[in-house]
């Protein structure tokens with residue numbers, strides 16, 4: 001949980017810095033793009049779980 005909190009704080013600081021410097025945000029601007037990244041991560045988690053299940 002600590003890592004999630006620190007990642008959120010770091011992300012907010014980067015967002016504030018980029019807006020302050022009037023730079024484009026270094027993240028997908030559309031919610032569907034963010035969900036695509038989450039999907040890729042979740043797919044990796046599922047494969048790890050399946051691999052551990054069959055290696056026992």
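The values are calculated or read from the model by the stated rules, or taken from the named source; none is laboratory data. All of these numbers come straight from a predicted model, not from anything done at the bench. We place every Cβ from the backbone using ideal geometry, glycine too, and count neighbours over all the protein chains shown.
Output the residue which, of all residues in segment 22-53 that are closer than 17 Å to residue 12 by Cα and in a helix (DSSP H, G or I), is nearest to the chain's Cα centre (by Cα).
Here the answer is 34.
Of these, 44, 15, which one is out of contact with any strand residue (DSSP E or B) (no Cβ under 8 Å at 6 or more places or on another chain), at pLDDT below 90 and surrounded by 10 or more Cβ atoms within 10 Å (Cβ to Cβ)?
15
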